[in-house]
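A.B. asks: One structure follows; several queries about it will come next.
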Amino acid sequence: LLLTEALQLKPTQQTTPLPSPTLRREFVGKFALLAPLLILSTAFGEDSEASISYREFNELLLRGDIVGAKFLGSRYERCVVELTDGTQVPIGEGYPLESSVSDRSPMKVQAQLRNAGIPFTVPFRLKKKDGKFESE
């Protein structure tokens with residue numbers, strides 16, 4: 001029944017033109033350039049003026065303006081510090097990421113906080129299995 005109805009359908013005379021291959025290449029090329037920027041802006045937040053640099057973090061640490069910190073990510077890719085006025089700001093430019101070819105590491109930031117006596121938290125993703133907690 002559907003086959004006979006489909007055979008009775010007539011194609012429409014109006015067709016939409018397909019974009020030229022060069023236009024598609026331009027679009028894909030521009031998208032390939034912009035996609036990483038879009039992903040990074042959504043992953044790390046779009047308000048870059050709300051973050052502090054690693055140098056500013058060190059100055060605030062020496063002045064005693066930091067009361068706590070929270071590390072985010074499985075390898076502590078981000079650190080959000082709480083200031084004495086209660087605001088929370090992430091450390092942005094210059095924050096040390098884990099590197100296999102240098103001694104840069106977020107563990108240095110943890111050591112600085114520990115030496116200054118400032119409490120910090122790290123994420124633990126544990127799930128309960130048979131009454132015991134196991135890491136994922």
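A.B. asks: Just give me the residues in segment 59-71 being under 25 Å from F124 (Cα atoms), out of contact with any Leu (no Cβ under 9 Å at 6 or more places or on another chain) and open to solvent by less than 60 Å² (accessible area, probe 1.4 Å), in sequence order.
C.D. replies: Listed by number, the list holds a single entry, F71.
A.B. asks: With the requirement that a residue be farther than 13 Å from P119 by Cα, of a type outside the set (A, V, I, L, M, F, W, C) and either open to solvent by 40 Å² or more (accessible area, probe 1.4 Å) or in contact with a helix residue (DSSP H, G or I) (Cβ under 7 Å, 6 or more places away or on another chain) (or both), what does segment 72-83 give you?
C.D. replies: Of everything in segment 72-83, those that are farther than 13 Å from P119 by Cα, of a type outside the set (A, V, I, L, M, F, W, C) and either open to solvent by 40 Å² or more (accessible area, probe 1.4 Å) or in contact with a helix residue (DSSP H, G or I) (Cβ under 7 Å, 6 or more places away or on another chain) (or both) turn out to be S74, R75, Y76, E77, R78.
A.B. asks: Follow-up question, since we're still on this one. Take S100 and tell me if it is open to solvent by 50 Å² or more (accessible area, probe 1.4 Å) and either of a type in the set (G, A, S) or at pLDDT below 85 (or both).
C.D. replies: yes
A.B. asks: Condition (residue is more than 19 Å from E59 (Cα to Cα) and not in a loop (DSSP other than H, G, I, E, B)) applied to segment 91-108: is it met by at least one residue?
C.D. replies: The answer is no; no qualifying residue exists.
The values are calculated or read from the model by the stated rules, or taken from the named source; none is laboratory data. All values reported here derive from a predicted model rather than from experimental measurement. Because the Cβ atoms are built from the backbone with ideal geometry, glycine has one as well, and the counts that use them run over all protein chains shown. Side chains are part of the model used for accessible areas, which takes the heavy atoms of the whole protein and leaves out ligands, DNA and RNA. Shrake-Rupley method; radii C 1.70, N 1.55, O 1.52, S 1.80 Å.
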